[in-house]
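Engineer: So that we are looking at the same thing, I have put the structure below in structure tokens.
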Amino acid sequence: MIAVPIVSKDVESARADIKLSKESGADIVELRLDYLLNISESGLKQLIKAEKMRKIVTLRRKKDGGNFRGTEKERVRILEKACVLGADYVDVEYDADFCLPVGAVTKVICSYHDFERTPDVKGLVNTLETCLEMEPKPDVVKIVTMATKYADNVAIF
């Protein structure tokens, strides 16, 4: 599966990048809303409806490697709106106070990020279990860590 992140600064550029990704053979795009200079409901709807292909909506906060500068309440509200508008997936951090809106069929990706190190296997398993206990139940768990030595790669596998 080929996934392409869309990191455009405006909706029109993002729509063009989605189209180019589809034409280039991508199977899915990740809409990194935290790169947009302005996020409106209208713009969000345009991006979710652009082209016939699956979309992941991500609105990453700074502590998780993103650019979103609003409040956590605003961020979660935008992610929930993406579900209502028909996003295929929404990527939500394991510690976010997120609720899947009633009737939404969006799949949930539970994310965990550690940009400084890779925990040992026990720590990784604990993180996985924490993610699997998240409500709503995730369809996918994504654990991203910083490998500083070869053994870190082995731990992840």
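Engineer: Of (1) within 23 Å of Arg61 (Cα to Cα); (2) outside any helix (DSSP H, G or I), Gly103 satisfies all except one. Which?
Structural biologist: That leaves (1) as the condition not met.
Engineer: If I ask for residues that are more than 18 Å from Met1 (Cα to Cα) and surrounded by 21 or more Cβ atoms within 10 Å (Cβ to Cβ), which ones from the stretch 11-34 would you list?
Structural biologist: Hits for the stretch 11-34 are Ala14, Arg32, Leu33, Asp34.
Engineer: Looking only at the stretch 109-123, which residues are over 10 Å from Glu93 (Cα atoms) and crowded, with 18+ Cβ neighbours inside 10 Å?
Structural biologist: If the condition is that a residue be over 10 Å from Glu93 (Cα atoms) and crowded, with 18+ Cβ neighbours inside 10 Å, then Thr118 is the only one that fits.
Engineer: Moving to a separate point now. Looking only at the stretch 1-41, how many residues end up being in contact with a Ser or Thr (Cβ under 9 Å, 6 or more places away or on another chain) and of a type in the set (D, E, K, R)?
Structural biologist: Looking only at that region, the number is 5.
Engineer: Now a separate question. If you check Gly65, Gly70, which single one turns out to be under 27 Å from Ala50 (Cα atoms), touching a His at 6+ places or on another chain (Cβ under 7 Å) and surrounded by fewer than 18 Cβ atoms within 10 Å (Cβ to Cβ)?
Structural biologist: From the options Gly65, Gly70, the qualifying one is Gly65.
Engineer: Still on this structure, I have one more. Return the residue satisfying two criteria in turn: it lies in the stretch 108-143 and is in contact with a Ser or Thr (Cβ under 7 Å, 6 or more places away or on another chain) and not in a loop (DSSP other than H, G, I, E, B), and of such residues it is farthest from Ala87 (Cα to Cα).
Structural biologist: Looking at residues that are in contact with a Ser or Thr (Cβ under 7 Å, 6 or more places away or on another chain) and not in a loop (DSSP other than H, G, I, E, B), I get Asp114.
Engineer: Follow-up. Collect the residues in the stretch 27-71 that are within 18 Å of Thr106 (Cβ to Cβ), charged (D, E, K, R) and part of a loop (DSSP other than H, G, I, E, B), keeping them in residue-number order.
Structural biologist: Asp27, Glu51, Lys52, Arg60 - these are the residues of the stretch 27-71 that are within 18 Å of Thr106 (Cβ to Cβ), charged (D, E, K, R) and part of a loop (DSSP other than H, G, I, E, B).
Engineer: Among the residues of the stretch 39-52, are any exposed (fewer than 15 other Cβ atoms within 10 Å of the Cβ), within 17 Å of Asp10 (Cβ to Cβ) and touching a helix residue (DSSP H, G or I) at 6+ places or on another chain (Cβ under 7 Å)?
Structural biologist: The answer is yes, given that some residue of the stretch 39-52 is exposed (fewer than 15 other Cβ atoms within 10 Å of the Cβ), within 17 Å of Asp10 (Cβ to Cβ) and touching a helix residue (DSSP H, G or I) at 6+ places or on another chain (Cβ under 7 Å).
Engineer: Being among the aliphatic types (A, V, I, L, M) and under 23 Å from the mean Cα position of the chain (by Cα) is the filter here, so list the residues in the stretch 140-157 that pass it.
Structural biologist: Scanning the stretch 140-157 gives Val140, Val141, Ile143, Val144, Met146, Ala147, Ile156.
Engineer: When the residues of the stretch 84-95 are narrowed to those that are outside any strand (DSSP E or B) and under 12 Å from the mean Cα position of the chain (by Cα), which ends up farthest from Lys45 (Cα to Cα)?
Structural biologist: Filtering the stretch 84-95 for residues that are outside any strand (DSSP E or B) and under 12 Å from the mean Cα position of the chain (by Cα), the one farthest from Lys45 (Cα to Cα) comes out as Tyr94.
Computed from the coordinates by the stated procedures, all read-outs in this text should not be read as laboratory data. For clarity, every value in this text was computed on a predicted model and none was experimentally measured. Glycine gets a Cβ as well: all are built from the backbone with ideal geometry, and neighbour counts include every protein chain shown.
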